[in-house]
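Before I ask anything, here is the structure I am working with.
The values are calculated or read from the model by the stated rules, or taken from the named source; none is laboratory data. Since this is a predicted model, take the numbers as computed values, not measurements. Cβ placement follows ideal geometry from the backbone for every residue including glycine, while neighbour counts extend to all protein chains displayed. Accessible surface areas use protein heavy atoms only, side chains included; no ligands, DNA or RNA. Shrake-Rupley method; radii C 1.70, N 1.55, O 1.52, S 1.80 Å.
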Amino acid sequence: MSVQTEGTDTAGEPAVRKARVPAPPRGDSRTTGAPSRRAAAAPYLLLLPALLATAVLLGWPLVKNGLLSFQNLNPRQLIQHLTEWNGVDNYQEVLSGGDFWRVVERSVVFTAVNVVLIMVFGTLVGLLLARLGARMRLLLMIGLVLAWAMPVIAATTVYQWLFAQRFGVVNWVLDKLGWHSMADHNWLQTQFSTFAVITLLLVWQSIPFVAINLYAATTTIPRELYEAASLDGAGAWKSFTSVTLPFLRPFLYATTFLEVIWIFKAFPQIFAMNEGGPDHLTETLPIYAYVEGVGNQHFGVGAAISFLTILVLLVITSYYLRMVLKQEEDEL
């Protein structure tokens, strides 16, 4: 309780002074330190279930695959329940052969082409969503969600039917338009045409994710910035490069990173379309690992290829992440 005392100042008027209130007693450091330590450990405790699930569902299979890559595991070993360790022989066999490096080059080029097409068309569709009215935007988003939600094998089957040699819709349309030589064209006969059909399928499946993600990013841009840009005389392209693109850049980086991973490890679309044919010319690293491991029943070699596939993907993504971090440092 404060005590007030009255006095007289130099002007003859009473002055009021407040007595000093004693500070509350300090608690024991041992009692105050415990809650702070618990508060600091709370985020790690919340992450613990996710880390355990990741370790069980991803970490343990990765360890088993790594151990399998150092074994000579064929049908004989499976039947007799034998474990034959052969060191790095599987890796030497894979790395010394020319097939692996050709498949690596093919996989990188295939991923780059698909990701560029996906990001370009996905960004254009996302910007279109931001420009459309409410009703047209709703219709377009429903179509995008339906395309995105279609099962992979179902979508691949539809594309097989579209590009079928005898009864395909694409060949029928081209024939009606005057290209009569395309009436019985086999789209899966050559490497280029097979990759073209697979690329069309992957781009069609991936555009909805990019478009919806980019549209959501455009909703976070303040409208005042566009008004200020228009007052400064900026046109549509200048407004896009000076206002829209800087806000979308983080979303573009994150989406590109996810698309690189998704396209690089694409398996069901390629395998269901033509099983890596013709003549193994459309095999990417996941297909190559499956064919060598399960198809040829060289399970140790297949495990080595799959482990090398993970390493190649890590190299690609680490280089990309380094570019992103450098860009963010330059912006700061």
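Could you please give the count of residues in the stretch 63-98 that are among the hydrophobic types (A, V, I, L, M, F, W, C) and under 30 Å from Leu281 (Cβ atoms)?
Initially, the stretch 63-98 is screened for residues among the hydrophobic types (A, V, I, L, M, F, W, C), giving 63, 67-68, 70, 73, 78-79, 82, 85, 88, 94-95.
With the extra rule that they be under 30 Å from Leu281 (Cβ atoms), the set shrinks to 68, 73, 88, 94-95.
Qualifying residue count for the region: 5.
To continue, here is another question. Select from the stretch 147-170 the residues that are farther than 27 Å from Phe209 by Cβ and not aliphatic (A, V, I, L, M) and write down the one among them that is surrounded by the most Cβ atoms within 10 Å (Cβ to Cβ).
Gly168
If you don't mind, another one. Go through the stretch 98-112 and give me each residue that's open to solvent by 40 Å² or more (accessible area, probe 1.4 Å) and over 21 Å from Asp279 (Cβ atoms).
Selection gives Ala112 alone.
Quick one: how many residues across the stretch 266-282 are open to solvent by 10 Å² or more (accessible area, probe 1.4 Å), at pLDDT 90 or above and part of a loop (DSSP other than H, G, I, E, B)?
2
In the stretch 80-92, which residue that is more than 36 Å from the chain's Cα centre (by Cα) and closer than 15 Å to Gly300 by Cα is surrounded by the fewest Cβ atoms within 10 Å (Cβ to Cβ)?
Of everything passing the filter in the stretch 80-92, His81 is surrounded by the fewest Cβ atoms within 10 Å (Cβ to Cβ).
Taking the condition assigned to a helix (DSSP H, G or I), loosely packed, with under 15 Cβ neighbours inside 10 Å, at pLDDT 90 or above and within 23 Å of the chain's Cα centre (by Cα), does Val173 pass?
Values: assigned to a helix (DSSP H, G or I): yes; loosely packed, with under 15 Cβ neighbours inside 10 Å: yes; at pLDDT 90 or above: yes; within 23 Å of the chain's Cα centre (by Cα): no.
Against the criterion (assigned to a helix (DSSP H, G or I), loosely packed, with under 15 Cβ neighbours inside 10 Å, at pLDDT 90 or above and within 23 Å of the chain's Cα centre (by Cα)), Val173 does not qualify.
Among the residues in the stretch 212-221, are any touching a Leu at 6+ places or on another chain (Cβ under 8 Å), hydrophobic (A, V, I, L, M, F, W, C), open to solvent by 20 Å² or more (accessible area, probe 1.4 Å) and at pLDDT 90 or above?
yes
Please pick out the residue among Leu52, Leu95, Leu68 that is open to solvent by 80 Å² or more (accessible area, probe 1.4 Å) and either at pLDDT 85 or above or under 24 Å from Leu313 (Cβ atoms) (or both).
Leu52
I need every pair where a residue in the stretch 81-95 that is without any contact (Cβ under 8 Å) to a residue 60 or more places away in the chain has its Cβ under 7 Å from the Cβ of a residue that is surrounded by 12 or more Cβ atoms within 10 Å (Cβ to Cβ) and in a helix (DSSP H, G or I), sequence separation at least 6 or different chains.
Between residues of the stretch 81-95 that are without any contact (Cβ under 8 Å) to a residue 60 or more places away in the chain and residues that are surrounded by 12 or more Cβ atoms within 10 Å (Cβ to Cβ) and in a helix (DSSP H, G or I), the close pairs are Glu84/Gln77.
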